[in-house]
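First up is the structure itself, then whatever we jot down about it.
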Amino acid sequence: MARMHQTADIIACPGCDLLQRLPPVPLGARARCPRCGEILAAPPMDPIERPLALAVAAAITFGVAQATPLMSLSAVGRSAQTTIIGGALEMWSQGQPITAALVLICTTLAPGAYLTLVCTLLLAVRRPPAPSWAGALLRLAGHARAWSLPEVMLLGILVALVKIADLASVDPGVGLFATGALLALLAGLATSFDPRTIWDRVAWPTQDTPRGPGASLAEHAGGTAAR
Amino acid sequence: MTGTALTAARQGLISCGACGLLARAAAPAEAGFCPRCGARLHRRHPDSIQQSWALGVAAAVCFIPANVLPVMVTDALGSSTPDTILGGVAFLYSSGSWPLALIVLVASFMIPLGKLLSMGWLLIAIRRGIRGGERQRMRLHRIVRAVGPWSMLDVFVATFTVALVQLDPLMSVEPGLGVLFFAAVVVLTMLAAESLDPRLLWDRDEIEPRHD
Ligand SMILES: [Zn+2]
Ligand SMILES: [Zn+2]
């Protein structure tokens, strides 16, 4: 209760642009914008070690889920099984390369990239000062997370199982249970990994050269916006 | 209340879209770059409304073939049966699993349709400058972004059914063209919701209306 998270004093709400002074937020609590309700800060109790442990466990589970069969089907002496990547490849070979690529991105590439980036990032920021490239990884991780949909995939597989169960007998495989475990770990990671806390650790030069022709660097305004 | 709100834009300040740092614009015409993360600063997402309209209209156009064309074609013993999204819902319902039928109906039909209507309403409310109810519209925008990925459900159902049911010559399932349009609807509506800057829902006069 006594531990507080202190961040840049004045911020603009990303949801509605309202300028406000953010008070110190107790660890584990949340601060919301009074005008639009956007969450402005949610510092976790343990911002590094706990998400790191969850991310490493999730990465291992992800590897198992990718490498093992999701389910197998048998009917009149014939049997077939599929993995996650196998599903995308079958769509590709059936003349649906765009859908196959989308499935591959949402189930394999984006979750894999997200977990790799989060593990690297958390290891890099363990000791302050955090390297400046951590910011780039953080931005990439945000994009990767937006397109990783393992929970939607799992529900899709369950619907497919019910549909096929009428026609043939279907057995769930190791990959299906690993995907279930992965969802639990990702849910834990989502609550304990706070990009805002990591941004506050990223070191940045106060004097820098302009990066584009005709553009000069914007000046950090956190301390000068007070009326 | 919203007429007098002190926003960053009114103070010539910009919060970085990537890292959230509050920065002072380098010049009135040229916002410059974030001193912490190096991202280009924008007062609002550039061309947010035009992009959002274009993506939303494209999604609405794709929504028709997505529902009319089959997502899967089942070949069993020489006869082939096409299966549309709503046909799949009817199949699940008639085979006794009505909870799954309801989930697929909501995820594949009602969510995409609701998203298209919601995006249209939000964009019209911004264009008309409708006052009052900003919090509700903000909540609607958040819901649209949160539920968006769930409409990908039928793409995964089709993928894993096709991957598993390949028992030639007894029975095989092939993807239909509908699944491609359906995937396009999902991706386009997700991008449309993402490109709509929520701050535009609150803006009144702090931004020059035709300059973004
Ligand atoms: Zn706000
Ligand atoms: Zn930044």
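Points worth noting:
Listed here are the residues, each with its yes/no results for (1) of a type in the set (Gly, Ala, Ser); (2) away from ligand 2 (no atom under 16 Å from the Cβ); (3) more than 8 Å from chain B (Cβ to nearest Cβ); (4) touching a residue at least 40 places away in the same chain (Cβ under 8 Å).
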{"position": "A:9", "(1), (2), (3), (4)": "no, yes, yes, yes"}
{"position": "A:48", "(1), (2), (3), (4)": "no, yes, yes, yes"}
{"position": "A:55", "(1), (2), (3), (4)": "yes, yes, yes, yes"}
{"position": "A:66", "(1), (2), (3), (4)": "no, yes, yes, yes"}
{"position": "A:80", "(1), (2), (3), (4)": "yes, yes, no, no"}
{"position": "A:101", "(1), (2), (3), (4)": "yes, yes, yes, no"}
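- Flag if residue B:111 is under 19 Å from residue B:65 (Cβ atoms) and either in contact (Cβ under 8 Å) with a residue 60 or more places away in the chain or crowded, with 19+ Cβ neighbours inside 10 Å (or both): yes
- Candidates B:21, B:77 - the one that is within 30 Å of residue B:166 (Cα to Cα) and within 14 Å of another protein chain (Cβ to nearest Cβ): B:77
- Residues of segment A:108-121 classified as hydroxyl-bearing (Ser, Thr, Tyr) and open to solvent by 40 Å² or more (accessible area, probe 1.4 Å), total: 2
- When residues of segment B:123-146 are limited to those that are open to solvent by less than 20 Å² (accessible area, probe 1.4 Å) and more than 16 Å from ligand 1 (Cβ to nearest atom), the one nearest to residue A:32 (Cα to Cα): B:144
- Subset of segment B:2-57 (residues that are open to solvent by less than 20 Å² (accessible area, probe 1.4 Å), more than 16 Å from ligand 2 (Cβ to nearest atom) and within 23 Å of the chain's Cα centre (by Cα)): B:48, B:52, B:56
- Condition check for residue A:95: in the same structural domain as residue A:168 (by TED's automatic domain parsing), buried (at least 21 other Cβ atoms within 10 Å of the Cβ) and small (Gly, Ala, Ser): no
- Residue A:110 being touching a Ser or Thr at 6+ places or on another chain (Cβ under 8 Å), closer than 27 Å to residue A:143 by Cβ and assigned by TED's automatic domain parsing to the domain that holds residue A:174: yes
- Pairs linking a residue in segment B:9-32 that is within 18 Å of residue A:197 (Cα to Cα) to a residue that is among the polar types (S, T, N, Q), with Cβ atoms under 9 Å and 6 or more positions apart or on different chains, are B:21/B:15; B:22/B:15.
- Elements of type strands (runs of 3 or more DSSP E) contained in segment B:1-86, each with 1 or more residues being of a type in the set (Val, Ile, Thr) and in contact with a Leu (Cβ under 6 Å, 6 or more places away or on another chain): B:13-15
- Of the set (1) hydrophobic (A, V, I, L, M, F, W, C); (2) within 12 Å of chain A (Cβ to nearest Cβ); (3) farther than 17 Å from residue B:60 by Cα, all apply to residue B:126 but (2).
- Candidates B:155, B:147: the one that is assigned to a helix (DSSP H, G or I), facing another protein chain (nearest Cβ under 8 Å) and out of contact with any Asp or Glu (no Cβ under 8 Å at 6 or more places or on another chain) is B:155.
- Of the residues A:105, A:84, A:157, the single one that is in contact (Cβ under 8 Å) with a residue 40 or more places away in the chain and open to solvent by 20 Å² or more (accessible area, probe 1.4 Å) is A:105.
- Test: residue in segment B:147-161 that is touching a Leu at 6+ places or on another chain (Cβ under 7 Å), modelled with pLDDT of 90 or more, under 24 Å from residue B:195 (Cβ atoms) and within 16 Å of ligand 1 (Cβ to nearest atom): no
- The residues listed here are A:136, A:187, A:141, A:181; of these, the one that is open to solvent by 10 Å² or more (accessible area, probe 1.4 Å), among the hydrophobic types (A, V, I, L, M, F, W, C), modelled with pLDDT of 90 or more and under 15 Å from the mean Cα position of the chain (by Cα) is A:187.
- Restricting attention to segment B:59-87, the residues that are hydrophobic (A, V, I, L, M, F, W, C) and in contact with a strand residue (DSSP E or B) (Cβ under 7 Å, 6 or more places away or on another chain) add up to 4.
The values are calculated or read from the model by the stated rules, or taken from the named source; none is laboratory data. None of these values were measured; they are calculated from a predicted model. For neighbour counting, all protein chains shown are included, and Cβ atoms are generated from backbone atoms with ideal geometry for every residue, glycine included. For accessibility, only protein heavy atoms count, side chains too; no ligands or nucleic acids. Shrake-Rupley method; radii C 1.70, N 1.55, O 1.52, S 1.80 Å.
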